[in-house]
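Reviewing the structure listed below.
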Amino acid sequence: MGRDSNLFTTILVPVDFSPCSEEAFRVACQMARLCEAEIMVLHVIDTSALTAFNRLGLLAVPSDATAQRRRLRHHARLHVRQLLESKEAETVKVTRTILEGAPFVEITKVARTGNFDLVVMGSYGGRSGSVDKIFFGSTAEKVVRTAGCPVLTVPLPASVSKRGASR
C-alpha cells in the first residue's frame, strides 16, 4: 500500500499522562504503523489551576507560580520522553510539543493549524469527575466539536479499568 493511498499521514495525540491518554498513545502508534503516518505528541500544561491557586492566595508569593510552571514543564518533558522511548513508539516517527494554556483551546489550535488528518486522544483524562467536567464538559468532548478533523477517542481497556477499580 503506497503512502498516497493512506487515509492518515499526520496524527495529533494530546496526552495528560493519565492511563487513558497512554492508551490513546498506544493506539495512535499502532495506527501510525499501519498508515505509515507521523505522530505529534502534545501536552498542554493547564495553567488555569495555577491561576486559581494564585487568586485564592494558596501560593505564598506570585513568584511561586513561575517556579511551579518550571516544575510542570520539567515534569511534562520527562513524561513525554518516556512515551517517546517506549516500546509502543518503536518504528514510528514521533515529534513532541509542550504548550501552556487551556487544554482544549491549545489542542484545537494545533489540530486546526497543523494540517493533522486525525486526533487520537483519551476519552477522559486525569481530572475526569472534576467540577470542570460537570459544568463545562470534558476536554475530549470539546475537541470533538472544534478540532476541524476527525477525532478518535480511546477509552481505557476493560482490563485496565477493572484493575484500577479493585485497588
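By average Cβ neighbour count within 10 Å, what is the ranking of 147-156, 65-74 from highest down?
147-156, 65-74
Starting from the amide H of Thr10, placed 1.01 Å from N in the peptide plane, find each other amide H under 5 Å away whose residue is 5 or more places distant or on another chain.
The list, which skips near neighbours in sequence, is Glu38, Asp117, Leu118.
Quick one: which of 76-88, 93-105 comes out on top by average Cβ neighbours within 10 Å, and what's the full order, highest first?
Answer by packing, highest mean first, reads 93-105, 76-88.
Local charge sum around Arg96 (other residues, Cβ-Cβ under 10 Å, Lys/Arg +1, Asp/Glu -1)?
Every neighbour counted, the sum reads +2.
Between Cys149 and Ser48, what is 0.36 nm times their sequence separation minus the Cα-Cα distance? Round to one decimal in nm.
33.8 nm
Taking the beta-carbon count within 10 Å as an exposure proxy, list Ser48, Ser138, Ser21 from fewest neighbours to most. Don't jump to the answer; show the numbers that get you there.
Working: Ser48 11, Ser138 21, Ser21 27.
Ascending number of Cβ neighbours within 10 Å: Ser48, Ser138, Ser21.
Residue separation times 0.36 nm, minus the C-alpha to C-alpha distance between Thr95 and Glu141: what's the value?
Contour length minus the Cα-Cα distance gives 14.1 nm.
A short reminder: the numbers here are calculations on the coordinates, not readings from a lab. Please read all numbers here as calculations on a predicted model, not as lab measurements. So basically every Cβ, Gly included, is an ideal-geometry build from the backbone, and we count neighbours across all protein chains shown.
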